[in-house]
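A short write-up of the structure that comes next.
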Amino acid sequence: MFAEPTSSNADPVKTILTIEDEKNIRASFVYFLADLGYRILEADNGVTGLELYQRHRPDLILLDLRIPGRDGFECLKQLRQLNPELPIIVISGTNTSRDVVKALHLGAWDFILKPIIDLQILQHSIEKAFERTRLRQENLSHQKQLEEKVEQRTQTLKVTYQQLAESEKRYRSIYENLQDIYYETSPQGAILEISPSGDKNFNYQRTELIGKNILSYYADVEDRQRFLQKIQENGRVNDYEVRLIDKNGEIVSFSLNATLHQDAVGQPSHISGILRNITQRKQAEDELRSSKQTLEALFNAAPLAIMAVDTDLQVTLWNPAAEEIFGWTREEIVGHPYPLALPGKEWEATANLKGALAGDQFSGLELARCRKNGRHVQISASTAPLRDKANLICGVIIIIEDISEKQRLRSEADRNSRLASLGELAAGVAHEINNPNGLVLLNLPTLRDFVLDAIALQQEVSIEQPTLTLGGFKAERAAAAFPRLMTELEDSTRRIKQIVEDLKDFSRQEDRSQDEYFDLNRSAEKAQRLTANHLKKTTARFNSQLAEQLPRIKGSPQRIEQVIVNLLVNACEALTSREQSISLCTGYHQDQQEVFLQVSDSGRGIEAEQLPHVTDPFFTTRRKEGGTGLGLSVSARIIKEHNGRLHFSSKPGEGTVVSIVFPAERKV
């Protein structure tokens, strides 16, 4: 029933089932086909043949129509039901065309008539059947692959369609709810498409705009021309600002982004774009610009210095008032470290700034700071933190007031208050001194007469009593000494009276608006008398030369006396020994019609770099000795109020000359 092939083949061995009742024919098939490399199954009837097929599933069947057990046509029919694709070759001795047609109709692939003279016919039919099977299998495989691909493509298209539907739905929702305006126009400007958002931004319904020319809505026709020129040159336009007129006639500002599209032949087909309503943004920008300009004007015009530092203590803001107070220009200081700390006290300035950066706020903090020229300035500082978008402190703004003048006025007020108190005290003391001194002056003539009478009596008695004394003096000596003593007593008493009068004049509070013409020499003499004791203790070489017949000057004699006293006291304090000299002189420049007073000393002198600052408030070279730096500042102000000029000339080690010049009284 089963025959193995007699030759080997690299291809899988195919199995052929032959159903033939004639043993010799079957044997010839077996030997022939085995030599060709096929595996052969044999059946001599239809029932056995069907069993072998179901058991071994051969690749091809050779079927005789006239076989016992079951008719060949019946076997053919059942085999075709079991496997519609099974190759079946009918071999039969019948030569009726009806059998051939029936066999082929039932599914036979080929029909060979017995007797087979040349088995090559059988080989050819078998090979042809296997080739057909191979082609059918390849075709089925390709068909299956194609069906799978079609199914896969169908599924992909289905998913894609669903995604497209969802995307279209999503984009339709975006399009319909778009805040900006999407539009399309022809190159000539006809509106082809516009989103519903045009109603919200433009007050026009979509149907009112379709087909209209967009040019008719431009507030400025030239904007459209410039837009077309840009888009034709570049194919795109970004952030182009246009002004359109809405349905209510209001001008609305838009930011335009657009693209020029081309057709298949490269010609402009349409323009698509997005219009964003920036009217509120433009209004906010205008308000912000106005606010910025206002702040810049305030910043630049503020009389107070305004500066800011960042967290690295680098200066970031510096206004003109800061330039004026401290001397650095904005270009010199912005971007550089904080420069205002006093030498040796950088730690103090750093501590204050870091405290402000930590959140501390200062208001009216009075400090001393350094100018560009090295001089100190008294300031009042107030701070406020600067914050970034995260509300973190990123710097400190400092508002600074130069309070040097305030402190000078405050100190001067204190000094004037003390002087006023001193004046009241001096007036009281003068009154207390003046009363007994007046009594002495009143009784001195009587005392003189008494002494002279006593001396005359002593002289008469001394003839008889030569040892008689008067106050320890014998007659001859008493006659010589007592008149001189009485004269000195009278002179001293009158001198006390003059000093008291000068002190009362010096301390008198006058209405400064009631200026008068007065003699400068008289003020110089009074100042000299007031400082006589100080001058006597300081120098053995004081010289006073007051010019005669000086023209008068206009002003307050008491205030000018105050100035001269201050100059004489300063001259005394400049001396280092009593051998150094002080001179006081007055004079008249007839050509300029000016009266001058000059105080000179041969003391220590003033350094050249300090000389321009000697009248600055609080500037002093004697701070360790208690100097306040206000005396010359006050004197300079008084002289200026009298339309005068104050000039200093000095060399270190050689002394100082201070000159005051006043306009003289003009006689008509």
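The values are calculated or read from the model by the stated rules, or taken from the named source; none is laboratory data. None of these values were measured; they are calculated from a predicted model. Every residue, glycine as well, gets a Cβ built from its backbone with ideal geometry; the counts of neighbours run over all protein chains shown. The protein model used for the area step is the full one, side chains on, heavy atoms only, and it has no ligands, DNA or RNA in it. Shrake-Rupley method; radii C 1.70, N 1.55, O 1.52, S 1.80 Å.
Observations, loosely collected:
- For residue 232: the one exception among (1) more than 39 Å from the chain's Cα centre (by Cα); (2) polar (S, T, N, Q); (3) more than 14 Å from residue 187 (Cβ to Cβ): (3)
- Residue 211 passes every criterion in (1) of a type outside the set (A, V, I, L, M, F, W, C); (2) assigned to a strand (DSSP E or B); (3) out of contact with any Phe, Trp or Tyr (no Cβ under 8 Å at 6 or more places or on another chain); (4) exposed (fewer than 14 other Cβ atoms within 10 Å of the Cβ) apart from (2).
- Counted residues, segment 584-619 - those being polar (S, T, N, Q), at pLDDT below 85 and surrounded by fewer than 18 Cβ atoms within 10 Å (Cβ to Cβ): 1
- All positions within segment 635-668 that are open to solvent by less than 30 Å² (accessible area, probe 1.4 Å) and either part of a loop (DSSP other than H, G, I, E, B) or in contact with an Asp or Glu (Cβ under 7 Å, 6 or more places away or on another chain) (or both): 642, 644, 655, 656, 661, 662, 664
- All helices (runs of 4 or more DSSP H) inside segment 513-583 with 2 or more residues being open to solvent by 80 Å² or more (accessible area, probe 1.4 Å): 520-530, 532-538
- Filtering segment 49-90 to residues that are loosely packed, with under 14 Cβ neighbours inside 10 Å and of a type in the set (A, V, I, L, M) leaves only 82.
- Top-ranked residue of segment 244-259 - restricted to ones that are part of a strand (DSSP E or B) and open to solvent by 40 Å² or more (accessible area, probe 1.4 Å), ranked as nearest to residue 180 (Cα to Cα): 257
- Against the criterion of being closer than 30 Å to residue 190 by Cβ and polar (S, T, N, Q), residue 293 does not qualify.
- Of the candidates 411, 404, 382, the single residue that is within 25 Å of residue 333 (Cβ to Cβ), at pLDDT below 85 and in contact with a Phe, Trp or Tyr (Cβ under 9 Å, 6 or more places away or on another chain) is 404.
- For segment 348-392, a residue qualifies if it is assigned to a strand (DSSP E or B), within 30 Å of residue 614 (Cβ to Cβ) and small (Gly, Ala, Ser), and the qualifying residues are 368, 380, 381.
- Contacts under 7 angstrom Cβ, first residue in segment 135-157 being over 19 Å from residue 85 (Cβ atoms), partner in a helix (DSSP H, G or I), 6 or more apart: none
- All of (1) open to solvent by less than 20 Å² (accessible area, probe 1.4 Å); (2) closer than 17 Å to residue 18 by Cα hold for residue 93 with one exception: (1).
- Close Cβ contacts (under 8 Å, 6 or more residues apart or on different chains) running from residues in segment 393-414 that are under 28 Å from residue 337 (Cα atoms) and of a type in the set (Asp, Glu) to residues that are modelled with pLDDT of 85 or more and open to solvent by 50 Å² or more (accessible area, probe 1.4 Å) comprise 401/304; 402/378.
- Every residue from segment 325-348 that is over 22 Å from the mean Cα position of the chain (by Cα) and without any contact (Cβ under 8 Å) to a residue 12 or more places away in the chain: 344, 345, 346, 347, 348
- The residue pairs whose first member lies in segment 566-588 and is closer than 26 Å to residue 549 by Cβ and among the hydroxyl-bearing types (Ser, Thr, Tyr), whose second member is in a loop (DSSP other than H, G, I, E, B) and open to solvent by 40 Å² or more (accessible area, probe 1.4 Å), and whose beta carbons are closer than 8 Å, counting only pairs six or more residues apart or on different chains, are 586/546.
- Screening residue 340 with (1) outside any loop (DSSP other than H, G, I, E, B); (2) at pLDDT below 85 gives one miss only, at (1).
- In segment 96-117, residue modelled with the highest pLDDT [restricted to those that are of a type in the set (A, V, I, L, M), in a loop (DSSP other than H, G, I, E, B) and open to solvent by less than 80 Å² (accessible area, probe 1.4 Å)]: 108
- Residue in segment 230-249 that is nearest to residue 208 (Cα to Cα), counting only those that are in contact with a helix residue (DSSP H, G or I) (Cβ under 9 Å, 6 or more places away or on another chain) and of a type in the set (D, E, K, R): 247
- The residues in segment 191-207 that are surrounded by 14 or more Cβ atoms within 10 Å (Cβ to Cβ) and outside any strand (DSSP E or B) can be counted, and the count is 10.
- Selection within segment 158-186 - in contact (Cβ under 8 Å) with a residue 40 or more places away in the chain and either assigned to a helix (DSSP H, G or I) or open to solvent by less than 40 Å² (accessible area, probe 1.4 Å) (or both): 180, 181, 183, 185, 186
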